[in-house]
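A short write-up of the structure that comes next.
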Amino acid sequence: MKVFHTSQSLVEHLSKETRPIGMVPTMGALHLGHLSLIERALSENQTVLVSIFINPTQFDNKADLENYPINIETDLKKIEQLPGKIFVYTPKVKDVYGNLVASKSIDLGGLDQVMEGKKRSGHFQGVATVVVHFLKVFTPNHAYFGEKDFQQLRIIEHITQSLKLNTEIIGCPIIRERDGLAMSSRNNFLSSDQRKLASKIFKGLKFAKSNAKKESYNTLKKMVMDFFEKYDELNLDYFTIAHPKTLKEVDLKEPVDLGRGFIAAYLGKIRLIDNLDMS
């Protein structure tokens, strides 16, 4: 494992001998979900590039940015346990943005106008700005993203194709806790009682899936809302079923077993998201 703090020092170490390169962009606070992406990349590439960068422009809430967990030393120890050639890039904001810390205006194909894009203004432009920067500067052969952030994955696939970037985007399955909760850095903020309730998010998705072949979308939405109303401390932000490619919401009158279910919910001030194929 080699650690680089600037893009220039990292680029100088990239060569034909280091390729193919698989990149795993992260914001740190690494958990088993992140490590599974790195392991997948190690199995398919000569070198793996892991970035640890808390991107300021993708936070619509300043408090979220200020409270985001940071522990580079712990993250590096976790990465160091993995066998293989790994470069870790831990830049300062200026190395990525220069003197102007702002998102660029990138055509996201309308994929940012629904779900998380509706709820978090400017979030995906911030994500896209950094991802495009990384893919252009380091030109990895492959880049790995988890399906927990499914909308993000679709947006990154879109911009990679539209900008004709020479990186293959690879989506990887959600890694879950034993009770089904999708692994997330935000889980660290949950109290023990909240943690128990958090598992109901995945249970709600499975409940929706079990009824997707039998009910219309309109009926199913009401059923899912009723499911979550049983839990006072777990507040549903949204439940929607969308086409997995276009992210457009399915027809209200039709069965929905060919779509993908998406949920966002609050436990106190902590907001968690998850999704599940309904087929």
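Of all residues in the range 81-108, those satisfying the criterion of being in contact with a strand residue (DSSP E or B) (Cβ under 8 Å, 6 or more places away or on another chain) and either surrounded by fewer than 12 Cβ atoms within 10 Å (Cβ to Cβ) or not β-branched (Val, Ile, Thr) (or both) are GLY84, LYS85, PHE87, TYR89, PRO91.
Just name the residue that is surrounded by the fewest Cβ atoms within 10 Å (Cβ to Cβ) out of those in the range 187-222 that are over 27 Å from MET27 (Cβ atoms) and polar (S, T, N, Q). Within the range 187-222, the match that is surrounded by the fewest Cβ atoms within 10 Å (Cβ to Cβ) is SER210.
Table: residues versus (1) crowded, with 21+ Cβ neighbours inside 10 Å; (2) not hydrophobic (A, V, I, L, M, F, W, C).
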position	(1), (2)
MET1	no, no
GLU17	no, yes
ILE21	yes, no
ALA29	no, no
LEU35	no, no
GLN46	no, yes
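Evaluating LEU65 against the criteria (1) modelled with pLDDT of 95 or more; (2) among the aliphatic types (A, V, I, L, M); (3) not in a loop (DSSP other than H, G, I, E, B) leaves one unmet condition, (1). Kindly list the number of the only condition in (1) closer than 30 Å to PRO140 by Cα; (2) within 16 Å of the chain's Cα centre (by Cα); (3) buried (at least 18 other Cβ atoms within 10 Å of the Cβ) that fails for LEU165. Only one criterion in (1) closer than 30 Å to PRO140 by Cα; (2) within 16 Å of the chain's Cα centre (by Cα); (3) buried (at least 18 other Cβ atoms within 10 Å of the Cβ) is unmet by LEU165, namely (2).
To keep it simple, each residue is scored yes or no on (1) within 22 Å of CYS172 (Cβ to Cβ); (2) among the aromatic types (Phe, Trp, Tyr); (3) touching a residue at least 60 places away in the same chain (Cβ under 8 Å); (4) part of a loop (DSSP other than H, G, I, E, B).
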{"residue": "GLU17", "(1), (2), (3), (4)": "no, no, no, no"}
{"residue": "GLY22", "(1), (2), (3), (4)": "yes, no, yes, no"}
{"residue": "ALA29", "(1), (2), (3), (4)": "yes, no, yes, yes"}
{"residue": "LEU35", "(1), (2), (3), (4)": "yes, no, no, no"}
{"residue": "SER51", "(1), (2), (3), (4)": "yes, no, yes, no"}
{"residue": "GLU73", "(1), (2), (3), (4)": "no, no, no, no"}
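Among all positions in the range 99-121, there is at least one residue which is touching a residue at least 12 places away in the same chain (Cβ under 8 Å), out of contact with any helix residue (DSSP H, G or I) (no Cβ under 9 Å at 6 or more places or on another chain) and polar (S, T, N, Q).
Summed over the range 185-221, the residues that are more than 21 Å from TYR231 (Cα to Cα) and part of a loop (DSSP other than H, G, I, E, B) give a count of 4.
From the residues in the range 88-103 that are part of a loop (DSSP other than H, G, I, E, B) and among the β-branched types (Val, Ile, Thr), which one is farthest from the chain's Cα centre (by Cα)?
Filtering first and then ranking leaves VAL101.
Tallying residues that are more than 20 Å from ILE241 (Cα to Cα), touching an Asp or Glu at 6+ places or on another chain (Cβ under 7 Å) and either assigned by TED's automatic domain parsing to the domain that holds TYR231 or assigned to a strand (DSSP E or B) (or both) within the range 151-171 yields 1. Within the range 223-279, the set of residues being surrounded by 18 or more Cβ atoms within 10 Å (Cβ to Cβ), of a type in the set (S, T, N, Q) and closer than 20 Å to ILE156 by Cα comprises just one member, ASN275. From the list THR57, THR74, THR129, the lone residue that is loosely packed, with under 14 Cβ neighbours inside 10 Å and closer than 29 Å to LYS269 by Cβ is THR74. Take the conditions of a type in the set (Gly, Ala, Ser) and either surrounded by fewer than 16 Cβ atoms within 10 Å (Cβ to Cβ) or in contact with a Gly (Cβ under 6 Å, 6 or more places away or on another chain) (or both) and apply them to SER184. Does it pass? Taking the combined requirement at face value, the residue does not satisfy it.
Yes or no: the range 149-162 includes at least one residue that is out of contact with any Cys (no Cβ under 7 Å at 6 or more places or on another chain) and exposed (fewer than 15 other Cβ atoms within 10 Å of the Cβ). Yes, that holds for at least one residue.
Table: residues versus (1) over 12 Å from PHE138 (Cβ atoms); (2) under 16 Å from the mean Cα position of the chain (by Cα).
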{"position": "HIS13", "(1), (2)": "no, no"}
{"position": "GLU17", "(1), (2)": "yes, no"}
{"position": "THR26", "(1), (2)": "yes, yes"}
{"position": "HIS34", "(1), (2)": "yes, yes"}
{"position": "GLU44", "(1), (2)": "yes, no"}
{"position": "VAL48", "(1), (2)": "no, no"}
{"position": "ASN67", "(1), (2)": "yes, no"}
{"position": "LEU76", "(1), (2)": "yes, no"}
{"position": "ILE86", "(1), (2)": "yes, no"}
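The values are calculated or read from the model by the stated rules, or taken from the named source; none is laboratory data. Since the model is a prediction, treat every value here as computed from it, not as a measurement. In this analysis, Cβ positions are derived from the backbone assuming ideal geometry, glycine residues included, and neighbour counts consider all displayed protein chains.
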